[in-house]
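The values are calculated or read from the model by the stated rules, or taken from the named source; none is laboratory data. Everything quoted here is computed from the prediction, not taken from an experiment. Cβ coordinates were reconstructed from backbone atoms using ideal geometry, including for glycine residues, and neighbour counts include every protein chain displayed.
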Amino acid sequence: MTDFSPYAILSETLLCEIKDRVATVILNRPQVLNALSTQVFDDLKYVFTLLSEDPAVRVILLTGAGDKAFAAGADIHELAQTNRLAGQALSRRGHTIFRQIETCGKPVIALINGFALGGGCELALSCTMRIAADNAKLGQPEIRLGLIPGYGGTQRLPRLIGPSAALKLLLTGDRIDAPEALRLGLVDEVVPAAELLTRGRQLAQSIASAAPLAVTACLEAVYRGADRDLESALRVESRLFGRLCGTADMHEGTRAFLEKRPPTWTGR
C-alpha cells in the first residue's frame, strides 16, 4: 500500500499519516466533538482494514482532532431515531468494528485528548493501551439516556478495572478525570496535553523497533489466553513460543545479542 501523504483526507471523518512504521489515525469531526456517526464507523472499518494488511505499518495511534475531545460518544441525533431492532443492529455493528480494531494484529494506542465519553470511551477501551492528556475526561453516561453502553463497555470496562469500579461508572454515568482514570487502571499514562502526541509517537517507535512477529505473538497470546483457564492459556503460549523459535527474526535477535549489535528485523 502506498503511504498516505501527511494527514491526507481519507474521508469526511478521518485523517491518516503514515511515517516511520507508525500510522496516526485522527477522528476529524471537531465541530461535533468527534462524535461517532455511521460514517465514522464505516471509515474506521475501511482504514483499519488497510492498516492491518500493510506490512510497513507496525503500530497505530488513534486520536481525535482538536483539543476538546477524543470522541464524545455516539451521534445522539442518529441514536434518537433508533428502535429496538435498529438499536440491536447498531450495537452489533459497533461490536464488529471495535473488535476489528482490538484484533487487527498490531498495537493500537489511544491518545485521549479531552472527552472520551460513551462510545468514545468504548473506542478507547478497544485499543491495546491508552495514554490520556491531563485534561481528559472519561465516562459511560449512557444510563442518563435510559441506555447501557452498546459498543462493548459493559464487557471491556469490568475486565480492565474490575466489576465493582466498572459498575460505579456504569450506574452513575459519572465522568472521571485523567488522574482518577490512571488510578483505576482505565488509562496507562497521563501526560500534559501539549505532550500527548509526542509521547504517543515515542511509545509507538519503541514498539515499532521490536521484532514484528514477536509483537504480533504477544498480542495473540494475551488476547487468546484471556478467557481460558491457565493450563489452556499456557499451551497457547507454548505454541506461539515454538513458532517464533523457527523464525529468521529469532535467530537474528539471538545472534545480534551475542555479537553485541542492534538486530535487523525482517518479519520472517
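In region 12-35, what residues are in a strand (DSSP E or B) and either on the phi > 0 side of the Ramachandran plot or at pLDDT 95 or above (or both)?
Val22, Ala23, Thr24, Val25, Ile26, Leu27
Quick one: is Thr24 among the hydroxyl-bearing types (Ser, Thr, Tyr) and within 23 Å of Arg224 (Cβ to Cβ)? Don't jump to the end; show me each part of the working.
On the way: among the hydroxyl-bearing types (Ser, Thr, Tyr): yes; within 23 Å of Arg224 (Cβ to Cβ): no.
Considered against the rule, which asks whether it is among the hydroxyl-bearing types (Ser, Thr, Tyr) and within 23 Å of Arg224 (Cβ to Cβ), Thr24 comes out as no.
Return the residues of region 114-129 that are over 19 Å from Ile148 (Cβ atoms) and either aliphatic (A, V, I, L, M) or surrounded by fewer than 23 Cβ atoms within 10 Å (Cβ to Cβ) (or both); say none if nothing qualifies.
Within region 114-129, Cys127, Thr128, Met129 qualify.
Pairs please, first residue from region 33-45 and in contact (Cβ under 8 Å) with a residue 12 or more places away in the chain, second anywhere and of a type in the set (Ser, Thr, Tyr), Cβ atoms under 7 Å, 6+ apart in sequence or on different chains.
That search, which allows pairs on different chains as well, returns Gln39/Thr13; Val40/Thr13; Asp43/Ser11; Asp43/Thr13.
Being outside any helix (DSSP H, G or I) and in contact with a strand residue (DSSP E or B) (Cβ under 9 Å, 6 or more places away or on another chain) is the filter here, so list the residues in region 179-194 that pass it. Walk me through how you get there before you give the answer.
Step one: of region 179-194, the residues outside any helix (DSSP H, G or I) are 185-192.
Answer for region 179-194, where residues must be outside any helix (DSSP H, G or I) and in contact with a strand residue (DSSP E or B) (Cβ under 9 Å, 6 or more places away or on another chain): Leu186, Val187, Asp188, Glu189, Val190, Val191, Pro192.
Step by step: first the residues of region 161-173, then only those that are loosely packed, with under 15 Cβ neighbours inside 10 Å and out of contact with any Pro (no Cβ under 8 Å at 6 or more places or on another chain), then the one that is nearest to Gly66 (Cα to Cα). Which residue is that?
Applying the first criterion (loosely packed, with under 15 Cβ neighbours inside 10 Å) to region 161-173 yields 162-164, 167-168, 171-172.
Add one more test, that the residue is out of contact with any Pro (no Cβ under 8 Å at 6 or more places or on another chain), and what stays is 162-164, 168, 171-172.
Numbers: Gly162: 32, Pro163: 33, Ser164: 33, Lys168: 30, Leu171: 30, Thr172: 28 Å.
The selected residue is Thr172.
Here are some residues: Ala217, Ala233, Ala221, Ala210. Which one is surrounded by 12 or more Cβ atoms within 10 Å (Cβ to Cβ), out of contact with any strand residue (DSSP E or B) (no Cβ under 7 Å at 6 or more places or on another chain) and outside any helix (DSSP H, G or I)? Spell out how you get there, then give the answer.
Working: Ala217 fails: outside any helix (DSSP H, G or I); Ala233 fails: outside any helix (DSSP H, G or I); Ala221 fails: outside any helix (DSSP H, G or I).
Result of the check over Ala217, Ala233, Ala221, Ala210: Ala210.
For region 137-176, name all the residues that are farther than 25 Å from Tyr223 by Cβ and out of contact with any Lys or Arg (no Cβ under 6 Å at 6 or more places or on another chain).
Residues satisfying the conditions are Pro141, Glu142, Ile143, Arg144, Leu145, Gly146, Leu147, Lys168, Leu171, Thr172, Asp174, Ile176.
Scan Thr103, Thr82, Thr96 and give me the residue that is surrounded by fewer than 20 Cβ atoms within 10 Å (Cβ to Cβ), over 15 Å from Val59 (Cβ atoms), in the same structural domain as Thr24 (by TED's automatic domain parsing) and under 13 Å from the mean Cα position of the chain (by Cα).
Only one candidate passes the filter, namely Thr103.
Could you identify the single residue in Ala217, Ala181, Ala233 that is touching a Gly at 6+ places or on another chain (Cβ under 7 Å) and small (Gly, Ala, Ser)?
Ala233
Please work out which one of (1) without any contact (Cβ under 8 Å) to a residue 40 or more places away in the chain; (2) closer than 24 Å to Val22 by Cβ; (3) of a type outside the set (Ser, Thr, Tyr) is the condition Gly267 fails and give its number.
Only one criterion is unmet by Gly267, namely (1).
Enumerate the helices (runs of 4 or more DSSP H) found wholly within region 97-178, keeping only those where 1 or more residues are in contact (Cβ under 8 Å) with a residue 12 or more places away in the chain and of a type in the set (Asp, Glu).
Here the list reads 119-125.
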